[in-house]
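Peer 1: One structure is given below, represented as structure tokens, and several questions about it will come after.
The values are calculated or read from the model by the stated rules, or taken from the named source; none is laboratory data. The structure displayed is predicted, hence computed values, not measured ones. Don't worry about glycine lacking a Cβ; one is built from the backbone with ideal geometry, like all the others, and counts go over all protein chains shown. Note: areas computed on protein heavy atoms with side chains; ligands, DNA, RNA excluded. Shrake-Rupley method; radii C 1.70, N 1.55, O 1.52, S 1.80 Å.
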Amino acid sequence: MLKYVVCAGSQTEAQAWASLHGIPQRQCVYASSPRTIEGLRDFAVVRLQGFFTRPNRDEIEACLRRNELKRRSPLVDLRGDGG
């Protein structure tokens, strides 16, 4: 199931975003630290205004990049012929 990684200034801001968009809380992960998002594979990132002033923003961004590199490619050669 797709998870929304919500990068916000606070958990309250992240929950408000999810409620506004009708996304269930179980489908959202508040990126409070790299530890909370490490290892996620199927995710979409949402960056809210409060995130840009977080002291650990760079650590969270680095973790997101590592997770993205570990994702499987959406491009699959089903026939195996390179086409």
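Peer 1: Quick check: at a probe of 1.4 Å, how many percent of the accessible area of the chain sits on carbon and sulfur atoms?
Peer 2: Working: 2930 of 5670 Å².
So the carbon and sulfur contribution to the accessible surface is 52 percent.
Peer 1: Could you provide, to the nearest whole Å², the per residue accessible area of the chain with probe 1.4 Å?
Peer 2: 68
Peer 1: In nm, give the distance between the simple-model label positions of ARG41 and ASN56, each being 7 Å from the Cα along the Cα-to-Cβ direction.
Peer 2: Those two pseudo-labels are separated by 2.5 nm.
Peer 1: Would you please give the residues with an amide H less than 5 Å from that of VAL29, counting only those at least 5 places away or on a separate chain, with H modeled from the backbone geometry?
Peer 2: Sorted by chain and number, the residues that satisfy this are TYR4, VAL5, VAL6.
Peer 1: Give the whole-number value, in cubic angstrom per residue, of the convex hull volume spanned by the C-alpha atoms of the chain. Present the calculation step by step, with values, prior to reporting the outcome.
Peer 2: Numbers: hull volume 9.6 nm³, N = 83.
Looking at the chain, the number lands at 115 Å³ per residue.
Peer 1: What's the longest uninterrupted piece of the chain once you rule out the trypsin sites (Lys or Arg not before Pro) that are loop residues per DSSP with at most 13 other Cβ within 10 Å?
Peer 2: Values: sites that count: ARG41, ARG71, ARG72, ARG79.
The longest uninterrupted stretch comes out as 1-40.
Peer 1: Specify the angular offset, from 0 to 90 degrees and rounded to the nearest 10, of the alpha carbon long axis of helix 11-20 from the longest principal axis of the alpha carbons in the chain.
Peer 2: Tilt relative to the chain: about 70 degrees.
Peer 1: Can you give the helix-only mean residue ellipticity at 222 nm for the chain, where every DSSP H stretch with n ≥ 4 adds -39500 (n - 2.57) and the sum goes over all residues, rounded to the nearest 500 deg cm²/dmol? Could the numbers behind the result be given before it?
Peer 2: Details: 3 runs with 28 residues, N = 83.
After summing the helix terms and dividing by the residues of the chain, the value is -9500 deg cm²/dmol.
Peer 1: May I pose another question? Taking θ as phi - 60°, what are the ³J(HN,Hα) couplings along the stretch 56-68 by the Karplus curve (6.51, -1.76, 1.60), each to the nearest whole Hz, with x for Gly and Pro?
Peer 2: Values per residue, Gly and Pro as x: 9, 4, 4, 5, 5, 4, 5, 5, 4, 5, 4, 4, 5 Hz.
Peer 1: If you don't mind, there's one more thing I want to ask. How far is it, in nm, from the label point at ALA16 to the one at GLU68 when both lie 7 Å from their Cα along the line to the Cβ?
Peer 2: Distance between the two pseudo-spin positions: 2.7 nm.
Peer 1: Starting from the 7 Å offset along Cα-to-Cβ, what nm value, one decimal, do you get for the label separation of SER33 and GLN49?
Peer 2: That separation, rounded to one decimal, is 2.8 nm.
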